1. Tell me whether segment 294-302 contains one or more residues that are touching a residue at least 60 places away in the same chain (Cβ under 8 Å), within 11 Å of the ligand (Cβ to nearest atom) and of a type in the set (S, T, N, Q).
2. Within segment 255-322, which helices (runs of 4 or more DSSP H) (wholly inside it) include 1 or more residues that are within 17 Å of the chain's Cα centre (by Cα)?
3. Mind telling me which of the residues ARG107, ARG83, ARG112 ends up being charged (D, E, K, R) and either in the same structural domain as LEU285 (by TED's automatic domain parsing) or within 15 Å of the chain's Cα centre (by Cα) (or both)?
4. Evaluate the following for GLN26: is it modelled with pLDDT of 95 or more and either acidic (Asp, Glu) or over 22 Å from TRP252 (Cα atoms) (or both)?
5. Only residues that are within 11 Å of the ligand (Cβ to nearest atom) and either polar (S, T, N, Q) or in contact with a Ser or Thr (Cβ under 8 Å, 6 or more places away or on another chain) (or both): list them for segment 169-193, please.
6. Do we find that GLY164 is within 16 Å of LEU265 (Cβ to Cβ) and open to solvent by less than 80 Å² (accessible area, probe 1.4 Å) in this structure?
7. Determine the pairs where a residue that is over 17 Å from TRP180 (Cα atoms), located within segment 12-25, has a partner that is away from the ligand (no atom under 13 Å from the Cβ) and among the β-branched types (Val, Ile, Thr) with Cβ atoms under 6 Å apart, the partner being 6 or more residues away or on another chain.
8. For segment 201-235, enumerate the residues that are open to solvent by 40 Å² or more (accessible area, probe 1.4 Å) and either more than 25 Å from ALA175 (Cβ to Cβ) or among the hydroxyl-bearing types (Ser, Thr, Tyr) (or both).
Amino acid sequence: MGPSVTDALAAAADAARLAPSVHNTQPWRWVVRGDTLELYAVPQRQLQEQDPDGRLMILSCGAALHHALVGLAAEGWEHRVERPAGEPLAVVHAERHAPADPHAMQRMQLLRVRHTDRRVVSDEPVPPDVRDALAEAARHGGARLHVLNRDQVLQLAVMIEHSGEAQRHDERMRAETDEWVGGDRPEGTGLPDAVIPAELPLTTVAERDFGVTGTLSAGAGHDSAAAYAILYGDGDEPRDWLLAGEALSHLWLSATEHGAAVLPLSSPVELDFTRQALRRMLGELGYAYLVLRLGTADPDHAGPPHTPRLPAEQVIEIEPPSA
Ligand SMILES: Cc1cc2nc3c(=O)[nH]c(=O)nc-3n(C[C@H](O)[C@H](O)[C@H](O)COP(=O)(O)O)c2cc1C
């Protein structure tokens, strides 16, 4: 008997628990059925106010899908993925077992250390070859990365100011953020105080103001060495958002490998007017999925702690084999 395919698929879904998600909502659910793994979105954990179309929910599911594929490859399983339009969002077929290659195992290590870093970035810009590697990683996942020039960064700063302001004045959006942010988060979702800056750093492009004073020491400094980029692609349908999430995960693991820090800024894609403005910034050549701040992490400072995760039993279901 070879290694159990059911165990490998369950382990892959378990690795996917570490994926990034908007407000750490973890809006996914997995079903292991024989030699397949199905991915479903969980609308109960969708941000109804900030993400009414489910863009960021499905993008987060895409990041989880990519994480699961990294986990499966590290177990030595070759696989094939179907992405049907509708539910499930994806079906992973485990096909053949072979010794895992060291690169797959290294990516599994990167997946364990990857995290969102809201501290200020260091004064070291991301080297051009690393930027190229990140753009290439995004492409591999089916999306593209547009790095903003100086004028566009200033436009982005204004845009984020506007989207932040609009969200702060919207009572329902504020109430929704309050549900997911702050405190210890013992239930395993959302953002605990420990990953939220105690004071918002003074940056050209503002970090998201969650309306909560956290305990993370964000450090002094500026974002002048940061690069800002738009993750974008050709379509604006759920399948495109899923692929964008896979691209995000792929890019983020590559960034982790190169010591680059990634901070997603999603408020401008949450509102129609700023999402359209991002599209114009792309010369209407694509649809904006997410804005990313890229910087070099300060090697002398330990990163923020990991955010909590839902227990495996709540997100992974193992169907008994049919008779
Ligand atoms: C689609 C998406 C949008 C996000 N938007 C923001 C954001 O606007 N601001 C922010 O500080 N973090 C943002 N994040 C980061 C999440 O809060 C983070 O992934 C989650 O809390 C899990 O933490 P971890 O990435 O450290 O594992 C976003 C992540 C994703 C996947």
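The values are calculated or read from the model by the stated rules, or taken from the named source; none is laboratory data. This is a predicted model, so every value here is computed, not measured. Glycine also receives a Cβ, built like all others from the backbone with ideal geometry; neighbour counts cover every protein chain displayed. Each accessible area value is taken on the protein alone, full model and side chains, heavy atoms only, with ligands, DNA and RNA left out. Shrake-Rupley method; radii C 1.70, N 1.55, O 1.52, S 1.80 Å.
1. No, because not a single residue in segment 294-302 is touching a residue at least 60 places away in the same chain (Cβ under 8 Å), within 11 Å of the ligand (Cβ to nearest atom) and of a type in the set (S, T, N, Q).
2. 267-270
3. Among ARG107, ARG83, ARG112, only ARG112 is charged (D, E, K, R) and either in the same structural domain as LEU285 (by TED's automatic domain parsing) or within 15 Å of the chain's Cα centre (by Cα) (or both).
4. Details: modelled with pLDDT of 95 or more: yes; either acidic (Asp, Glu) or over 22 Å from TRP252 (Cα atoms) (or both): no.
The answer is no for GLN26.
5. Kept after step one, since they are within 11 Å of the ligand (Cβ to nearest atom), are these residues of segment 169-193: 177, 180-181, 185, 189-192.
Residues satisfying the conditions are THR177, TRP180, ARG185, THR189, GLY190, LEU191, PRO192.
6. yes
7. ALA13/ILE316
8. LEU202, THR204, THR213, THR215, SER217, GLY219, ALA220, GLY221, HIS222, SER224, ASP234
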